[in-house]
Amino acid sequence: MDEASLIQASQHGDLNAFNGLVIVYQEMAYNIAYRLLTNTKAAEDATQTAFISAHRNICSFKGGSFRCWLTQIVKNACYDELRKQKRRPTIPLELLDSSHEEIENSHWIIDKSLSPEEQVEIGELDHAIQHCLNDLPLEFRTIVILIDINELDYQETAKIMKKPLGTIKSRLSRARL
């Protein structure tokens with residue numbers, strides 16, 4: 001089934017059709033959540049919350065870009081999580097290495113198709129990108145994630161952020177600097 005058919009079937013209560021949409025968009029949604037929240041558990045929770053919200057509100061989708069609609073839900077779920085973290089800060093119980101980074105559970109990072117060298121390179125690049133993103137103000141970080149990492153166009157990003165197109169372009173330019 002194509003996306004429009006899946007959406008229409010989902011709006012009529014077909015859970016399997018909605019699951020088809022989840023399969024198509026789960027990686028994109030998690031990517032956005034992870035980049036905004038910088039924590040795998042929080043990103044998983046925000047992604048799940050976003051899909052639950054999307055399922056509950058699928059009837060309010062009136063057409064246009066489903067990807068844009070869903071991205072806005074993910075962004076809002078992440079913002080809610082960040083507000084919650086500010087209200088109730090937590091101390092992680094996970095082990096930290098000598099540089100105070102959380103030690104990842106190896107089954108999350110193993111990719112059998114990549115060599116160890118490629119994994120290290122990708123990990124270093126990801127860490128460097130995330131480090132740069134963390135230094136940006138939240139709104140600038142969100143714009144960079146949507147446009148540069150998830151390859152949304154300027155119009156979709158402007159709609160998600162509820163900002164004029166010129167504002168999106170200027171903030172992206174400043175964030176890149």
| request: State yes or no: is Asp126 more than 23 Å from Trp69 (Cβ to Cβ) and among the charged types (D, E, K, R)? | output: yes
| remark: In the set Glu151, Glu121, the lone residue that is in a helix (DSSP H, G or I), out of contact with any His (no Cβ under 7 Å at 6 or more places or on another chain) and of a type in the set (Asp, Glu) is Glu121
| query | Here is a list of conditions, (1) more than 23 Å from Asp126 (Cα to Cα); (2) open to solvent by less than 30 Å² (accessible area, probe 1.4 Å); (3) in contact (Cβ under 8 Å) with a residue 60 or more places away in the chain, and Gln72 meets all of them except one; can you say which number that is? | reply | (2)
| For Leu21: the one exception among (1) open to solvent by 20 Å² or more (accessible area, probe 1.4 Å); (2) over 20 Å from Asn134 (Cβ atoms) | (1)
| field | Filtered residues of segment 119-135 (kept if open to solvent by 100 Å² or more (accessible area, probe 1.4 Å) and among the aliphatic types (A, V, I, L, M)) | value | Leu125
| field | From the options Leu82, Leu6, residue that is aliphatic (A, V, I, L, M), in contact with a Gly (Cβ under 8 Å, 6 or more places away or on another chain) and in a helix (DSSP H, G or I) | value | Leu6
| message | Looking at segment 136-152, I want the residues that are at pLDDT 90 or above and have a partner that is acidic (Asp, Glu) with Cβ atoms under 8 Å, at least 6 apart or on another chain. Which pairs are those? | response | Leu146/Glu156; Ile147/Asp153
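Let's see how each residue does on (1) within 19 Å of Thr142 (Cβ to Cβ); (2) modelled with pLDDT of 95 or more; (3) in contact with a strand residue (DSSP E or B) (Cβ under 7 Å, 6 or more places away or on another chain):
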{"position": "Ala17", "(1), (2), (3)": "no, no, no"}
{"position": "Tyr30", "(1), (2), (3)": "yes, yes, no"}
{"position": "Asn39", "(1), (2), (3)": "yes, no, no"}
{"position": "Ala42", "(1), (2), (3)": "yes, no, no"}
{"position": "Thr47", "(1), (2), (3)": "yes, yes, no"}
{"position": "Ala50", "(1), (2), (3)": "yes, yes, no"}
{"position": "Ser60", "(1), (2), (3)": "no, no, no"}
{"position": "Gly63", "(1), (2), (3)": "no, no, no"}
{"position": "Phe66", "(1), (2), (3)": "no, no, no"}
| Which ones in segment 12-48 are part of a helix (DSSP H, G or I), hydroxyl-bearing (Ser, Thr, Tyr) and over 8 Å from the mean Cα position of the chain (by Cα)? | Tyr25, Thr40
| request: May I ask you to verify whether Ala4 is at negative phi and open to solvent by less than 20 Å² (accessible area, probe 1.4 Å)? | output: no
| message | So Leu136 passes all but one of these: (1) in contact with a helix residue (DSSP H, G or I) (Cβ under 7 Å, 6 or more places away or on another chain); (2) over 17 Å from Tyr30 (Cβ atoms); (3) not in a loop (DSSP other than H, G, I, E, B). Which condition number does it fail? | response | (3)
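The values are calculated or read from the model by the stated rules, or taken from the named source; none is laboratory data. Given the structure is predicted, the values throughout are model-derived calculations rather than measurements. All Cβ positions, glycine included, derive from the backbone under ideal geometry; neighbour counts span all protein chains shown. Note: accessible area is taken over every heavy atom of the protein model, side chains too, but ligands, DNA and RNA are not part of it. Shrake-Rupley method; radii C 1.70, N 1.55, O 1.52, S 1.80 Å.
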